[in-house]
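Trainee: I have a structure I would like to understand better, so I am pasting it below and will then ask my questions one at a time.
The values are calculated or read from the model by the stated rules, or taken from the named source; none is laboratory data. It should be emphasised that the depicted structure is a prediction, and the values quoted were computed from it without experimental measurement. When we count neighbours, we look across all protein chains shown, and the Cβ atoms used for this are built from the backbone with ideal geometry, even at glycine. Keep in mind that these areas ignore ligands, DNA and RNA; they rest on the heavy atoms of the full protein, side chains included. Shrake-Rupley method; radii C 1.70, N 1.55, O 1.52, S 1.80 Å.
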Amino acid sequence: MVSHEDIKDFIESQLCTWSEAKRNYDALAVVKRRNVEICDMNVGIQWNPARIVSTGADVRAENIEKRKCFLCRANRPEKQLVYPILDGWEMLVNPFPIFPVHLTIVSAKHKPQTRVPEAIVDIALQLPDMAVFFNGANAGASAPDHMHLQAVLKDEIPLIKIAETYHRSDEKGVKYSSSFGPKLPYFFISGVVSPDQSGISTLAAGLNTGGLSKDGSLSDPTLVNTFFWTDSFGLLRFISIPRKAHRPSCFYADGDRNRMVSPGCIDMGGIIIVPREEDFYSLTGEEISNIYSEVAVTPDMLEL
């Protein structure tokens with residue numbers, strides 16, 4: 001198990017030797033954030049210029065084929081340190097952080113971001129203070145050609161607080177957000193995995209739920225955002241957010257209607273990341289609501 005102190009030491013060691021990463025972490029001290037209410041959910045908007053690399057990433061297949069994979073060890077900066085986390089996986093400091101603790105956990109082998117990997121379970125258990133998350137290849141992943149996860153402190157994610165409030169730890173199994181009570185801007189599945197035989201089917205829901213397929217089922221593994229973490233009772237939990245689109249229409253719009261917002265797990269988790277200052281000040285609650293409705297699934301689209 002990796003303690004919070006171990007992670008802090010790892011990040012500090014990395015920032016002592018990698019000036020570019022240190023500049024981006026130091027810049028978090030002046031990152032701006034404001035909040036808006038979307039339905040009954042308090043959503044943060046964070047202006048983070050360094051994230052333009054990920055938010056604006058060209059993930060078209062032809063572009064992916066032309067560039068070197070920046071997550072493969074042979075192509076990573078020599079200064080980027082590796083923390084051994086699990087056989088076949090390498091934990092790195094994310095050089096373009098959203099939060100002061102932001103890790104990227106990459107497959108040691110180059111293989112595509114096809115579906116939620118089973119290893120997310122063991123990694124989440126190894127990182128009890130963290131939320132470990134998966135962005136589907138068409139749901140916010142900036143490197144869809146290389147299997148990877150990310151991890152941030154679980155207390156940073158508003159949606160985790162909502163899930164733990166309305167899906168108590170003693171309610172083992174799966175619960176739909178549509179039954180939580182408060183009005184939420186999109187649908188998600190919450191799971192509390194019991195440490196017994198019944199927990200196996202619950203766990204399967206977290207690993208196998210995908211986004212909206214053409215047949216109307218939640219089975220497209222490239223269109224999902226998934227969080228795994230352990231709660232204060234030591235129980236494994238997850239949130240699966242089925243998607244129906246990669247990016248909202250405003251991402252492609254011209255002129256004043258353009259917003260550089262490309263939702264991944266953090267955005268769907270309640271913190272909208274904008275790398276441009278003009279978007280930080282002009283983005284409205286109504287626009288965020290429209291973004292969520294364009295990329296996410298709503299209960300009325302499903303037979304629950």
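Trainee: I need every pair where a residue in the range 118-133 that is of a type in the set (Phe, Trp, Tyr) has its Cβ under 9 Å from the Cβ of a residue that is open to solvent by 10 Å² or more (accessible area, probe 1.4 Å), sequence separation at least 6 or different chains.
Mentor: Taking only residues 6 or more apart or on different chains, the pairs are Phe133/Gln150.
Trainee: Could you tell me which of the residues Arg259, Arg247, Arg237 is among the basic types (Lys, Arg) and not in a loop (DSSP other than H, G, I, E, B)?
Mentor: Arg237
Trainee: Now, a different point. So if I check each of Phe233, Phe228, Phe238, which one is open to solvent by less than 10 Å² (accessible area, probe 1.4 Å) and more than 23 Å from Ile38 (Cβ to Cβ)?
Mentor: Phe228
Trainee: Taking the criterion of being closer than 23 Å to Arg247 by Cβ, among the charged types (D, E, K, R) and at pLDDT below 95, would at least one residue in the range 41-54 satisfy it?
Mentor: Taking every residue of the range 41-54 in turn, at least one turns out to be closer than 23 Å to Arg247 by Cβ, among the charged types (D, E, K, R) and at pLDDT below 95.
Trainee: On to the next question. Can you pull out the residues in the range 166-194 that are more than 15 Å from Pro242 (Cα to Cα), in contact with a Gly (Cβ under 9 Å, 6 or more places away or on another chain) and not hydroxyl-bearing (Ser, Thr, Tyr)?
Mentor: Within the range 166-194, His167, Lys172, Gly173, Val192, Val193 qualify.
Trainee: Any chance the range 267-277 includes a residue that's in contact with a helix residue (DSSP H, G or I) (Cβ under 9 Å, 6 or more places away or on another chain), within 24 Å of Tyr176 (Cβ to Cβ), surrounded by fewer than 22 Cβ atoms within 10 Å (Cβ to Cβ) and modelled with pLDDT of 95 or more?
Mentor: So far as the range 267-277 goes, yes, one or more of its residues are in contact with a helix residue (DSSP H, G or I) (Cβ under 9 Å, 6 or more places away or on another chain), within 24 Å of Tyr176 (Cβ to Cβ), surrounded by fewer than 22 Cβ atoms within 10 Å (Cβ to Cβ) and modelled with pLDDT of 95 or more.
Trainee: Further, regarding this structure: Of the residues that make up the range 74-83, is at least one under 20 Å from the mean Cα position of the chain (by Cα) and either open to solvent by 60 Å² or more (accessible area, probe 1.4 Å) or touching a residue at least 60 places away in the same chain (Cβ under 8 Å) (or both)?
Mentor: no
Trainee: Does Ala151 qualify as being assigned to a loop (DSSP other than H, G, I, E, B), touching a residue at least 40 places away in the same chain (Cβ under 8 Å), among the hydrophobic types (A, V, I, L, M, F, W, C) and under 29 Å from Lys8 (Cα atoms)?
Mentor: No: the conditions fail for Ala151.
Trainee: Another question about this same structure. When the range 15-43 is examined, which residues are found to be buried (at least 17 other Cβ atoms within 10 Å of the Cβ) and part of a strand (DSSP E or B)?
Mentor: Val36, Ile38, Met41, Val43
Trainee: Okay, moving on. Given the condition surrounded by 13 or more Cβ atoms within 10 Å (Cβ to Cβ), touching a residue at least 60 places away in the same chain (Cβ under 8 Å) and in a loop (DSSP other than H, G, I, E, B), answer yes or no: does some residue in the range 1-14 qualify?
Mentor: Yes, the range 1-14 has at least one match.
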